[in-house]
8 protein chains.
Amino acid sequence: MLGLGKTPDQITKIASQIAGRGQPLLVTRADEAAWNAVRTVVAGAEYHQVARCITVKGPAAPGKGTIALCSAGTSDLPVAEEAAVTAELLGNTVDRMYDIGVAGIHRVLAHRDRLASARVLIVVAGMEGALPSVVAGMVGVPVIGVPTSVGYGASFGGVAALLGMLNSCANGVSVVNIDNGYGAGCIASMINHL
Amino acid sequence: MLGLGKTPDQITKIASQIAGRGQPLLVTRADEAAWNAVRTVVAGAEYHQVARCITVKGPAAPGKGTIALCSAGTSDLPVAEEAAVTAELLGNTVDRMYDIGVAGIHRVLAHRDRLASARVLIVVAGMEGALPSVVAGMVGVPVIGVPTSVGYGASFGGVAALLGMLNSCANGVSVVNIDNGYGAGCIASMINHL
Amino acid sequence: MLGLGKTPDQITKIASQIAGRGQPLLVTRADEAAWNAVRTVVAGAEYHQVARCITVKGPAAPGKGTIALCSAGTSDLPVAEEAAVTAELLGNTVDRMYDIGVAGIHRVLAHRDRLASARVLIVVAGMEGALPSVVAGMVGVPVIGVPTSVGYGASFGGVAALLGMLNSCANGVSVVNIDNGYGAGCIASMINHL
Amino acid sequence: MLGLGKTPDQITKIASQIAGRGQPLLVTRADEAAWNAVRTVVAGAEYHQVARCITVKGPAAPGKGTIALCSAGTSDLPVAEEAAVTAELLGNTVDRMYDIGVAGIHRVLAHRDRLASARVLIVVAGMEGALPSVVAGMVGVPVIGVPTSVGYGASFGGVAALLGMLNSCANGVSVVNIDNGYGAGCIASMINHL
Amino acid sequence: MLGLGKTPDQITKIASQIAGRGQPLLVTRADEAAWNAVRTVVAGAEYHQVARCITVKGPAAPGKGTIALCSAGTSDLPVAEEAAVTAELLGNTVDRMYDIGVAGIHRVLAHRDRLASARVLIVVAGMEGALPSVVAGMVGVPVIGVPTSVGYGASFGGVAALLGMLNSCANGVSVVNIDNGYGAGCIASMINHL
Amino acid sequence: MLGLGKTPDQITKIASQIAGRGQPLLVTRADEAAWNAVRTVVAGAEYHQVARCITVKGPAAPGKGTIALCSAGTSDLPVAEEAAVTAELLGNTVDRMYDIGVAGIHRVLAHRDRLASARVLIVVAGMEGALPSVVAGMVGVPVIGVPTSVGYGASFGGVAALLGMLNSCANGVSVVNIDNGYGAGCIASMINHL
Amino acid sequence: MLGLGKTPDQITKIASQIAGRGQPLLVTRADEAAWNAVRTVVAGAEYHQVARCITVKGPAAPGKGTIALCSAGTSDLPVAEEAAVTAELLGNTVDRMYDIGVAGIHRVLAHRDRLASARVLIVVAGMEGALPSVVAGMVGVPVIGVPTSVGYGASFGGVAALLGMLNSCANGVSVVNIDNGYGAGCIASMINHL
Amino acid sequence: MLGLGKTPDQITKIASQIAGRGQPLLVTRADEAAWNAVRTVVAGAEYHQVARCITVKGPAAPGKGTIALCSAGTSDLPVAEEAAVTAELLGNTVDRMYDIGVAGIHRVLAHRDRLASARVLIVVAGMEGALPSVVAGMVGVPVIGVPTSVGYGASFGGVAALLGMLNSCANGVSVVNIDNGYGAGCIASMINHL
């Protein structure tokens, strides 16, 4: 459930219903107010501060391989962690490779083996959003690009990164909405469970 | 190889190199002029008129399951066929379901079983680009949305469809560039070979 | 009267004039400050919190049929309720069908009979704004689409939903401004009084 | 059927099927090539040159009142006539008031009575798209605004007119896509048949 | 001097220099903080609250005729008053006609004589920005259009009004930046002093 | 009359009516086809090739002063000449200063006296559209900026020049639509006749 | 390091690492909170309030010549100072010429000699962003344009200035992101050290 | 001289004047028609077909070092060659490295030494425009990014590449207009002559 645009009361009510059915619960974009409302009502709830997510673990079939999760800069962490929390809740193993932007190409190359051993990759980047192109050129499996709203001026709240990823010259890159770590986590999990 | 923006001479030269190495050849966005240049030089080349593609078959490992390929309207055919030609060249079986736009929801529902039996789906749509959301809500596997430039006025050359797919309220939808049937075919093939 | 961009004093002054003439009063986008200013001056005023509207009932001819009011998600409620409050104040019966987004198409189909029995429909949706297309394909009467600013990233404050509705492939869909529940309520009422 | 983006062959094939079922036929955005292809195959077909439409008359219930059709300038004629042809084919009486742009407000005022006697209005305008606001302020029934791509420079292919109509300060205005005379004709007919 | 983007200290310093030279002083977009800083230092300063302007009167040659100042709605007042304060400080007589939006065309027509007797007009409008077209069609002298950021959704902070005015079908309309009452006041004064 | 978007037949018909009434005639954006149609029917018509205008002279009161007409580059000539032809037909004396872009600021400064002696100025510029700001800073009378679609890439068909002029830091600049030489000529003439 | 989008804790941690290696430290877009966190931990840190930068001096090779730094208005100071602080930290001499917008062209001309004696120039401007064109036309060395977000309405947060600079008609102008004083300082320093 | 938007006659006239003064001549964006007009009049003129440039060599001081010129794909050649022809005419040595897009990062890395030995670099790329970021991260000298209009769909005629370069996370990247090979060549030459 997307917490953004919902009141703490609305979130708590829906969260209770989901948790009450014994399903895994995930609330994304949950601020402190939402967490304080949910924690008093939903047993077993956890709050992931960087990812801004509330979860309750539930049964989940394990993924077949590893999901590699790359991000370009420090400010991309909240979106990357939202993807990680989502994928882990759905039963996947996530291999995090953070802070490997293309301006220091050796940082990407240093992870060549870890990248190559993933079954599917999530690549999170703001600003020019070039990391998915470089990474996709190094592997032969699907890469899900997540543009972030990190940047200023002509980044236009993530539009520059979004366009960069949509126009990727590398094979294998598909894209989700700006800052949509949750969506990327779901798709990667679907692919990893095939 | 993307034929768009290249001269027939440039296309023929690159195509000869690829075919000469015994690799499968695919030239997308190839017009009649490009085809007439290539056909005289590259043995075994075929032209797919609707898809605007030149191909030479080559060795390709078979995909694990079926790729379902849906499109919303008649005018989306060139992009859908580009995706189909790409996926088939890469060793996949493609199940085409054309002309099933959401304004006639029964047309989508009539294919429920075929949709559910696919390992991955490509959904091609212009105008409001709503088909991926509806289809993704009916299956539990990855859906690759391909917005097309079909439409006029406020479709802005496919932007409306692109935004529609990026903002999909359904889980499992990732998106490629406007009219990028080739990219969708590649990604679906990667997923289908996992 | 649109409360947005007016001071509580300006609102109260205009509201008093309208109510003083015995006409029904409607102030949209009225926050708590406006309500607190108006309630002390205008007798019989009511505040609709979700809809953010102040009303005073007045004489209104009854509509000929029912206005169906659909919305896609929980966050669309304020806009949907603004439309409902408007239509009801103008003498119409409103049949609310909330939380029936296209990602769960069975939720829409479950209301097939109620949708078909309406004389005119208002369909409120954010994100990809696909619901009007699906609904309009199921009925033969006018559908007024109301895009909402619900969403994030490439929803661009409702632009994605707006473009989706303007490019609807279904017959019968016309569109009002983003978040303009009031306008949709007025038009539906006009149609319902013909 | 939208002719735009379809080949003459595709149009002829679909047109034959529709006409073969005895239904009224309407092909919009049909150029001379499409017309020459259809006329040899479909009996009773007519071509409306200004409207760029092919029609075959069929049974249609008569509308309850008159549809007023206003346009702002000479260049708006093709879109206005597309709306007129559509509405007439669907059984409606259309009262045309052309060339009454707001820069000569007396031209609008001169038609006050004809405007007031309509059951629903279609208002077609390019450039600043102000005509629907003025007209809607003079009547109490629904006005369907059709922005056109007429203009240059900062009209951005009809965007200025579209935005003008979406932001109308008058009650009763809903909007369809740029140049979508067909859509406006359908909606007006639906309303006129209630 | 534009107060926006300057600190109270910067404003006070520049204001003192201007006033010290005996020139008329005008600070636009001045908030309460700026006013409180300036009032303690600059003798004879006045604050125009609606216009958000600080002024010190100075010698100004009288204009040749009257500047008519029209605005469409209540929320346009701050911009209209900024224009009025500017023009008056520069020695002009301003004839205010407020709240005469085009949705009630009789409100515009009621001022026909006052409009016709002006030497130059300033027309302030948000939303669809149609008022300058209507007014310019009724007079034969220059009309300066001032789009305002009044509106929501697809008004895009005044872009809809700006585009409407740039695409005016009436002769004599030129346009200044969104919310730029100051600029319009200056130009009208220049014209009125010729 | 704007010739753009009208057929030669439509143009000829309207032109005959205007000329038949003894009024001065001006058709802008008239291509060779329009000219060939008009010349055979309307006596005394002239064609201004660079300006793309058809005119028939008529009675016009002389302007009070001179209209200075500046343009930045060679490619701006058609728009500048459209303004000149318009202003001259309306009885004004036009002082042309062409090819004085701001990258060679001495070219602007060399005309300081001619600029200062004008009663009103029209400044035509594409690309970054900076010329009106520089010129307006050198005179104390109204400057009408005409952005042109000259440029490529990020000029976006004149948008860069339009935005540059709307954001001018100089007093006295108002703006018309991209390439709207006609509109600028009309406004300058109105001012010059006050 | 860009401070924007990082927490004080993240900034302090990275700053400590950099300073610990004896390298010069530069944190841009650092607010008071960041400064208060860093100052307690990093010895020798300085805060440049207007520039919003934290620095620790380190060894830097001296530049070969002078970097001229021009800005158009008072509100451009923070960006200009960010460029200055960056360039000075990297070993360069910076010659500041502030408040020389093109509306007062004599202000630019008054600095002709200082401009001509620079080895490379940084020109900072918001609104219409015309200053780089004028300055580049007066010198024969590289000019780095920095558009700022200063302005309102159709400045669109610096887009108008950005487009103005990208479309400069003068030779020698290249551009960095809106408000990117840091980037301009780096490039100018690179050029000044060649 | 920019040939785009000028007639062959205008080009020939200006070219004759420049060549007549013994200066080096460069006409960019010159099509075959322009070339055929110029060649008959201007002695010593050459046509560079891929670059679409006409040149006449003239005296030029030699640059101090080498200008490295990188491009991402085959379709970027015309823009890259325009930059090369410009730089060479101005006395520079150009080291071309073509077809080294980031999707095959080894192609970039293979040129590490040649890149590192340049005094300044021009990097030409369409689509996502990521190459300047990667290259700038590998060198310590200025990189001039030239976005090209190569691409389709969401490349928006080069906007995606432009935004990508403006938001580069690497130090040292400044940007020129889309397809502006000429501008990049000039700036690189200026830097190379310091």
query = What is the projected area of the convex hull of the Cα atoms of chain H, averaged over all directions, in nm²?
reply = 10.5
query = Which shape class applies to the protein assembly as shown: rounded if a/c is under 1.5, otherwise prolate when a/b exceeds b/c and oblate if not, where a ≥ b ≥ c are the square roots of the Cα gyration tensor eigenvalues?
reply = rounded
inquiry  = Out of all DSSP beta bridges in the protein assembly as shown, what portion is antiparallel? Express it as a percent rounded to 5.
reply    = 25
Antiparallel content of DSSP bridges confined to the range E:38-98, in %, to 5 = 40
task = Output ³J(HN,Hα) for the range H:26-32: one whole-Hz value per residue in order, computed from phi by the Karplus curve 6.51 cos²θ - 1.76 cosθ + 1.60 with θ = phi - 60°, and x for Gly and Pro.
result = 9, 10, 9, 6, 9, 8, 4
query = So which residue, out of E:170, E:161, E:15, gets the largest mean-square fluctuation from a GNM of chain E using Cα contacts under 10 Å as springs?
reply = E:170
request  = Taking every Cα atom in the range A:59-116, find the radius of gyration and the maximum pairwise distance Dmax, and write them in Å.
outcome  = 12.5, 41
request  = Quote the FRET efficiency, to the nearest 0.05, computed for residue F:7 versus residue B:50 with a Förster distance R0 of 35 Å and r equal to the Cβ-Cβ distance.
outcome  = 0.50
task = Quote the accessible area belonging to residue D:138 in square angstrom, nearest 10, computed with a 1.4 Å probe and with ligands, DNA and RNA left uncounted.
result = 30
request  = Using only C-alpha atoms and all pairs of different ones, pull out the Kirkwood radius for the range G:1-98 in Å with one decimal.
outcome  = 13.9
query = Using θ = phi - 60° and the Karplus curve 6.51 cos²θ - 1.76 cosθ + 1.60, what whole-Hz ³J(HN,Hα) does each residue of the range E:53-65 get, with Gly and Pro shown as x?
reply = 10, 9, 9, 10, 5, x, x, 8, 5, x, x, 6, x
request  = Could you state the angle between the C-alpha long axis of helix C:8-20 and the longest principal axis of the C-alpha atoms of chain C, as a value from 0 to 90 degrees rounded to the nearest 10?
outcome  = 90
Gaussian network model of chain C, Cα within-10 Å springs - most flexible of C:44, C:137, C:153 = C:153
ask   = Taking the Cα centre of the range D:1-85 as the origin, how large is its charge dipole in debye, to the nearest 20, when only Lys and Arg (+1) and Asp and Glu (-1) carry charge on their Cβ atoms?
value = 340
Kirkwood-type radius of the range D:83-194, with distances r between different C-alpha atoms, in Å = 13.9
query = Most fluctuating residue of E:113, E:179, E:99 in a GNM of chain E with Cα springs under 10 Å: which is it?
reply = E:113
request  = Would you mind telling me the antiparallel percentage of the DSSP bridges in chain F, rounded to 5?
outcome  = 25
task = For helix E:181-193, report the angle its Cα long axis makes with the longest principal axis of the Cα atoms of chain E; keep it between 0 and 90° and round to the nearest 10°.
result = 80
inquiry  = So if I take the centroid of the Cα atoms in the range E:146-165 and the same for the range H:60-121, what is the distance between those two points in Å?
reply    = 45
ask   = Mind checking the dipole of the range A:96-175: about its Cα centre, +1 per Lys or Arg Cβ, -1 per Asp or Glu Cβ, Debye to the nearest 20?
value = 220
ask   = Under 13 Å from the 7 Å Cα→Cβ point of residue E:96, by amide nitrogen: which residues of the range E:18-49?
value = E:48-49
task = Report, in debye and to the nearest 20, how large the dipole of the range B:48-185 comes out about its Cα centre when Lys and Arg carry +1 and Asp and Glu carry -1 on their Cβ.
result = 300
message = Ignoring ligands, DNA and RNA, please state the percent of accessible area on chain H from carbon and sulfur, probe 1.4 Å.
response = 54
Residue among B:77, B:63, B:115 farthest towards the positive dipole end of the range B:15-139, charges placed on Cβ = B:63
Among the listed pairs C:13/E:57; D:13/D:57; C:57/D:64; C:6/C:57; C:13/C:57, those beyond 27 Å (Cα-Cα) = C:13/E:57; C:57/D:64
key: Space enclosed by the convex hull of the alpha-carbon atoms of the range F:98-144, per residue, Å³   = 68
ask   = Using modelled backbone amide H atoms (1.01 Å from N, in-plane), which distant-in-sequence or interchain residues come within less than 5 Å of residue A:95's amide H?
value = A:67, A:68, A:69
inquiry  = As I understand it, the dipole of the range H:4-67 uses +1 on the Cβ of Lys and Arg and -1 on the Cβ of Asp and Glu, about the Cα centre. Which of H:43, H:23, H:54 lies farthest toward its positive end?
reply    = H:23
In the F-D interface, the accessible area buried, summed over both sides, Å² (probe 1.4 Å) = 800
ask   = Per residue and in Å³, how big is the convex hull formed by the alpha-carbon atoms of the range D:27-74?
value = 90
ask   = What is the residue of chain E with the smallest Cβ distance to the axis taking E onto B, and what is that distance in whole Å?
value = E:154, 5
request  = Quickly estimate the mean residue ellipticity at 222 nm for the protein assembly as shown, helices only: each DSSP H run with n ≥ 4 gives -39500 (n - 2.57), and the total goes over all residues, rounded to 500.
outcome  = -10000 deg cm²/dmol
remark   = The correct ranking of H:66, F:40, E:148, A:93 by accessible area at 1.4 Å, largest first, is F:40, A:93, H:66, E:148
message = So with the 1.4 Å probe, I'd like the accessible area per residue for the range G:1-76, rounded to whole Å².
response = 48
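The values are calculated or read from the model by the stated rules, or taken from the named source; none is laboratory data. All values reported here derive from a predicted model rather than from experimental measurement. Here the Cβ is made from the backbone with ideal geometry for all residues, glycine too, and neighbour counts use every protein chain on show. SASA here: full protein model, heavy atoms, side chains in, ligands and nucleic acids out. Shrake-Rupley method; radii C 1.70, N 1.55, O 1.52, S 1.80 Å.
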